[in-house]
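Peer 1: The structure's right below; bear with me while I get my questions together.
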Amino acid sequence: MISKLIDYIQLYTPLTLKEQAFLKEVVELHSFTKHGIIFQEGDISDAIYFVLKGCVRLFYNVEGGDKTAFFYTEGQFICAGDSYTFNRPAQENYEALEPTILAVFSKKSIEQLLKQSIIFEQIARIAVENELLTAQRLIASFVTKSAEQRYVDLLANQGDLFLRVPQHYIATYLGVSPETLSRIKQRIVKG
């Protein structure tokens, strides 16, 4: 499974055999069942995750319900950034929506990797940049697009989510009720 992580990293920068071996040595694999909680609000994050297999939902508890902020699938890093960086209790929750396997980079393993090779600093930067770009795109979509346009974009760019994620989670992600999402779907189909 770590080979998937190495393949992903090598899309951005090559790793020597020694760097690959060290990565395999310090990164842990954790498995989660469907609806397993990976991390929850109030905890302090001490790890960064990489999705090797599965689908993870980032959500916030809001006024007695929950609202989905993002979905992570294979090939994406996950980090409760504010909590991880500043050692504060997190506000977010991460839930496996299907059986999920994550590569776990603890703070200790990250320190070991950074001491081993400068290349791992590049990898950390790439992970942070990808998370930042994703957040910026999401914010921009809420500012500049309607719920229907966000739906069409999600369908075009991550259509597999509609097969993997319950509709009510997609609705909260788009910022609409499940009933509104159904009406949007009907309008798109009638097109």
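Peer 1: Condition (residue is within 20 Å of Leu58 (Cα to Cα), in contact with an Asp or Glu (Cβ under 8 Å, 6 or more places away or on another chain), open to solvent by less than 80 Å² (accessible area, probe 1.4 Å) and among the basic types (Lys, Arg)) applied to the range 132-154: is it met by at least one residue?
Peer 2: no
Peer 1: Among the residues of the range 48-99, count how many are farther than 29 Å from Gly159 by Cα and either among the hydrophobic types (A, V, I, L, M, F, W, C) or surrounded by 21 or more Cβ atoms within 10 Å (Cβ to Cβ) (or both).
Peer 2: 2
Peer 1: Under 6 Å between Cβ atoms, which residue pairs at least 6 apart in sequence (or on different chains) link something in the range 35-48 that is over 23 Å from Ile110 (Cα atoms) and without any contact (Cβ under 8 Å) to a residue 12 or more places away in the chain with a partner that is of a type in the set (S, T, N, Q) and surrounded by 14 or more Cβ atoms within 10 Å (Cβ to Cβ)?
Peer 2: From residues that are over 23 Å from Ile110 (Cα atoms) and without any contact (Cβ under 8 Å) to a residue 12 or more places away in the chain, there are no pairs.
Peer 1: Among the residues of the range 28-52, what is the count of those that are in contact with a helix residue (DSSP H, G or I) (Cβ under 6 Å, 6 or more places away or on another chain) and either within 22 Å of Ile126 (Cα to Cα) or in a strand (DSSP E or B) (or both)?
Peer 2: Of all residues in the range 28-52, those in contact with a helix residue (DSSP H, G or I) (Cβ under 6 Å, 6 or more places away or on another chain) come to 44-46, 50, 52.
Narrowing further to those that are either within 22 Å of Ile126 (Cα to Cα) or in a strand (DSSP E or B) (or both): 45-46, 50, 52.
Adding up the residues that qualify gives 4.
Yes/no matrix, rows are residues, columns are (1) at pLDDT 90 or above; (2) more than 12 Å from Val27 (Cα to Cα); (3) among the aliphatic types (A, V, I, L, M):
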position: Leu97; (1), (2), (3): yes, yes, yes
position: Ala103; (1), (2), (3): yes, no, yes
position: Glu111; (1), (2), (3): no, no, no
position: Ile118; (1), (2), (3): no, yes, yes
position: Ile126; (1), (2), (3): no, yes, yes
position: Asn130; (1), (2), (3): no, yes, no
position: Ala135; (1), (2), (3): no, yes, yes
position: Ala140; (1), (2), (3): yes, yes, yes
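Peer 1: I'm trying to understand the selection: among the residues of the range 33-47, which are in contact with a Phe, Trp or Tyr (Cβ under 9 Å, 6 or more places away or on another chain) and either at pLDDT 95 or above or open to solvent by 20 Å² or more (accessible area, probe 1.4 Å) (or both)?
Peer 2: Residues of the range 33-47 that are in contact with a Phe, Trp or Tyr (Cβ under 9 Å, 6 or more places away or on another chain), as a first pass: 37-41, 44-47.
Ile37, Ile38, Gln40, Glu41, Ile44, Asp46 - these are the residues of the range 33-47 that are in contact with a Phe, Trp or Tyr (Cβ under 9 Å, 6 or more places away or on another chain) and either at pLDDT 95 or above or open to solvent by 20 Å² or more (accessible area, probe 1.4 Å) (or both).
Peer 1: Now for a different question. Yes or no: the range 8-23 includes at least one residue that is assigned to a strand (DSSP E or B), touching a helix residue (DSSP H, G or I) at 6+ places or on another chain (Cβ under 8 Å) and either of a type in the set (Asp, Glu) or open to solvent by less than 80 Å² (accessible area, probe 1.4 Å) (or both).
Peer 2: Pass one, the range 8-23, residues assigned to a strand (DSSP E or B): none.
No, every residue in the range 8-23 fails to be assigned to a strand (DSSP E or B), touching a helix residue (DSSP H, G or I) at 6+ places or on another chain (Cβ under 8 Å) and either of a type in the set (Asp, Glu) or open to solvent by less than 80 Å² (accessible area, probe 1.4 Å) (or both).
The values are calculated or read from the model by the stated rules, or taken from the named source; none is laboratory data. Model, not experiment: these values are computed from the prediction. With ideal geometry, Cβ positions are generated from the backbone for all residues, glycine too; neighbour counts draw on all protein chains shown. The accessibility values were calculated without ligands, DNA or RNA, using every heavy atom of the protein model including side chains. Shrake-Rupley method; radii C 1.70, N 1.55, O 1.52, S 1.80 Å.
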